[in-house]
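Notes follow once the structure below has been shown.
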Amino acid sequence: MDKFFRQRLAQLRSQKGVSARDMSLSLGQSESYINKIESGKAFPSMQAFFYICDYLNITPKDFFDSGNRNPVAIENLVNDIKTLTDSQISSIADIVKGLKR
């Protein structure tokens, strides 16, 4: 079992604020399904992986993008930024540059 996959699933599930049991049941699986994946005792099928991504509101690409620590928050932020004026976007860019220093 790939350690990255297990850790990433646990990270994204925790960010969503849901227990492994609740996520398992929401996916229509046994209550220990997600726990088994996170502990390395099971691995989801490709179809189940797509259901997991849908449940987490992310794309499969987002799942495997380890540089994107919080894909849901970033997607929401990008969608909000798209509604801003050019001047507002410039101000946001300046704030981000300042935070990176």
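Computed in the context of the full set of protein chains, the accessible area of the chain at 1.4 Å probe radius has 53% of its extent on carbon or sulfur. Exposure check, 1.4 Å probe, all protein chains in place: ASP94 carries approximately 90 Å² of accessible surface. Only Cα sites of region 48-101 enter the Debye sum here, all with the same form factor; the resulting log10 I(q)/I(0) across q = 0.15, 0.16, 0.23 1/Å is -0.56, -0.62, -0.91, listed in q order.
Both radii come from the Cα set of the chain: Rg as radius of gyration, Rh as Kirkwood radius; their ratio Rg/Rh reads 1.10. Look at the alpha carbon pairs under 8 Å that are at least 6 residues apart: their mean separation over the length of the chain gives a relative contact order of 22 percent. Checking the Cα-Cα distances for LYS16/LYS61; LYS16/LYS100; LYS16/LYS36; LYS16/LYS82 against a 21 Å cut-off, the pairs over it are LYS16/LYS100; LYS16/LYS82.
The values are calculated or read from the model by the stated rules, or taken from the named source; none is laboratory data. Small disclaimer: the values here were computed from a predicted structure and weren't measured. To get the accessible areas, we keep the full protein, side chains included, count just its heavy atoms, and leave off ligands, DNA and RNA. Shrake-Rupley method; radii C 1.70, N 1.55, O 1.52, S 1.80 Å.
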